[in-house]
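To keep things clear, I will list the structure first and then write my remarks on it.
The values are calculated or read from the model by the stated rules, or taken from the named source; none is laboratory data. Treat the numbers as computed from the prediction; the structure is a model and nothing was measured. Every residue, glycine among them, receives a Cβ derived from its backbone with ideal geometry; neighbour counts consider all protein chains shown. What goes into the accessible areas is simple: the full protein's heavy atoms, side chains included, and nothing from ligands, DNA or RNA. Shrake-Rupley method; radii C 1.70, N 1.55, O 1.52, S 1.80 Å.
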Amino acid sequence: MGGENIPHHCGVFGIYNHPQAARITQLGLFALQHRGEEAAGICSSDGDELHLIKGQGLVGEVFNDGSFDRLPGNHAIGHVRYSTAGSSILTDTQPYKVEYSRGQIAIGHNGNLVNAQILRAQLEAYGSIFGSMMDSEIFVHLIAKPAYRSHEEGIVESVKRVVGAYSLVILTEEQLYGVRDPHGLRPLCLGKLGDSYVLASETCAFDLIEAKFIREVEPGEVVVIDRKGVRSHFPHKGMEGMGHQISQCIFEHVYFARPDSRIFHDNVGLVRERLGHQLAKEHPAKADIVIPVPDSGTFAALGFSRESGIPLSFGFIRNHYIGRTFISPTEAGRSIKVKIKLNPIREMVEGKRVVVVDDSIVRGNTAKNRVKLLRGAGAKEIHMRISCPPHVSPCYYGIDFPSKKELIAANQSASMIRKFLEVDSLGYLSLEGMLAATTQPPSHFCTACFSGKYPTPVFDEQDKLKPENKKVKCRGA
Ligand code: SF4
């Protein structure tokens, strides 16, 4: 994780028909831990009843050996979550399980709905009583409507009403569902482990459990897995003309996903390497070494080094153990946090002209502190290179970027940022250059935080800051 302390969002996992369903789910969640470190949960089904354990903390902290006696059954879903400040309460962790007239259902959600306030207000007006502040709970209320005859019909009909980002795993007593929004904003993959089917946000979870990757759940697809096998619904079919174009989150490739995963039809590590190649072409530098900001800057730095011929040097060492616990509201505290997290190797950087490759600059303070560290270690020149374009707009689809007024690039030009960071040069990758790093058509990606062009209607900044909007956290995943 390079970047500027961008919070991770969520990861989901599901398995159907395995005698060790909950244990396998825990392994899947271990592999997806990078997508959310605040809370974890597993819900299993024994065919008659759903069983749930969830709690705050890392996967290894929430579950112990005794947990699995309380998670019986051959089917399970799991969730790891990042939660925004103030919502770290147990009711806001997932999977979210309820009982209603057609039985029991549990849901794990990665993404963020943009019409959550409106839907919640409508549902409450008709008597729904919400048990959490999560936008994800809206799905459950929509599914529970008496008009539907089965879980399946409820799920297929409900997703037509929500707008925004959602990759879902849903468990009922006898079925597992995988659902992806029509834009495909967040990833979701389908795999097979012996006779069992598995779903996961990223394929790195399949590697760990030795499952075979079958395919990605398609944007707009509802996959149903039960004793009859696997079948699909496409509830949004025919709605392409209503703005339902594919818009996968390009920032998953730049920063969030693990480099050993395959998402959106590409390996993440290779995409990052190509970002680095392109960055070196667009913003060459005369320097002695290229150093990555670990971990997510590593592959882009490798690409930069290969393209430029400047040797790669691991001049920053990351402390992986600081975790979620050290949070300081003061500037002095934040700079200590940067120091705890990354330490430059003086012997590698002293007297050198250094290219630093990072994946993003958000507020600018963390990057500035890193530059100070490098200067303190004796770097002669510092050339900062960023493997994506400047972040100028917030994300409404589940990535917790700050508001526009806190995004440095929304308010300052590249030359002002360069002066603020006190670097000798600064280069951001172009939008076209970033999109060219994947094998997919550029039009298949969301670039809203770089371009301000959102694939769905969104609340504007004003709406978002209104106190009435703050009552409902739209960061349920
Ligand atoms: S706005 Fe940015 S971070 Fe959010 S989904 Fe789009 S590309 Fe991803």
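Within the range 241-266, the set of residues being open to solvent by 50 Å² or more (accessible area, probe 1.4 Å) and more than 14 Å from the ligand (Cβ to nearest atom) comprises G241, M242, R258, D260, R262, H265. Is at least one residue of the range 187-197 crowded, with 21+ Cβ neighbours inside 10 Å, among the aromatic types (F, W, Y) and not in a strand (DSSP E or B)? No, that holds for no residue. Checking I225 against (1) outside any loop (DSSP other than H, G, I, E, B); (2) open to solvent by 10 Å² or more (accessible area, probe 1.4 Å), which test does it fail? Of the numbered conditions (1) outside any loop (DSSP other than H, G, I, E, B); (2) open to solvent by 10 Å² or more (accessible area, probe 1.4 Å), the odd one out for I225 is (2). I want to confirm something. Restricting to the range 282-300 and keeping residues that are over 14 Å from D358 (Cα atoms) and in contact (Cβ under 8 Å) with a residue 60 or more places away in the chain, which single residue is most open to solvent (accessible area, probe 1.4 Å)? Checked the range 282-300; the qualifying residue most open to solvent (accessible area, probe 1.4 Å) is K286. Answer yes if at least one residue in the range 89-105 is touching a residue at least 60 places away in the same chain (Cβ under 8 Å) and on the phi > 0 side of the Ramachandran plot, and no otherwise. Yes. Listed conditions (1) touching a residue at least 60 places away in the same chain (Cβ under 8 Å); (2) assigned to a helix (DSSP H, G or I) are all met by H236, apart from (2). Of the residues making up the range 419-458, those that are within 14 Å of the ligand (Cβ to nearest atom) and of a type in the set (V, I, T) are T438, T447, T456, V458.
Kindly provide the set of residues from the range 50-83 that are of a type in the set (A, V, I, L, M) and at pLDDT 95 or above, ordered by number. Please lay out each step first, then the result.
Going residue by residue through the range 50-83, those that are of a type in the set (A, V, I, L, M) are 50, 52-53, 58-59, 62, 71, 76-77, 80.
Hits for the range 50-83 are L50, L52, I53, V59, V62, L71, A76, I77, V80.
Of the strands (runs of 3 or more DSSP E) that lie entirely inside the range 333-393, those containing 3 or more residues that are in contact (Cβ under 8 Å) with a residue 60 or more places away in the chain and away from the ligand (no atom under 16 Å from the Cβ) span 353-358, 381-386.
Starting from residues that are of a type in the set (S, T, N, Q) and open to solvent by less than 10 Å² (accessible area, probe 1.4 Å), keep the ones in the range 128-177 and report whichever is nearest to the chain's Cα centre (by Cα).
Per the stated criteria, the residue is S167.
For the range 62-78, the count of residues that are part of a strand (DSSP E or B), in contact (Cβ under 8 Å) with a residue 24 or more places away in the chain and either of a type in the set (K, R) or open to solvent by 10 Å² or more (accessible area, probe 1.4 Å) (or both) is nonzero.
The test for being open to solvent by 10 Å² or more (accessible area, probe 1.4 Å), in contact with a Ser or Thr (Cβ under 9 Å, 6 or more places away or on another chain), among the small types (G, A, S) and within 17 Å of I143 (Cα to Cα) holds for G103.
Do the conditions hold for M384, that is, is it in contact with a strand residue (DSSP E or B) (Cβ under 8 Å, 6 or more places away or on another chain), open to solvent by 40 Å² or more (accessible area, probe 1.4 Å) and of a type in the set (A, V, I, L, M)?
In short, no.
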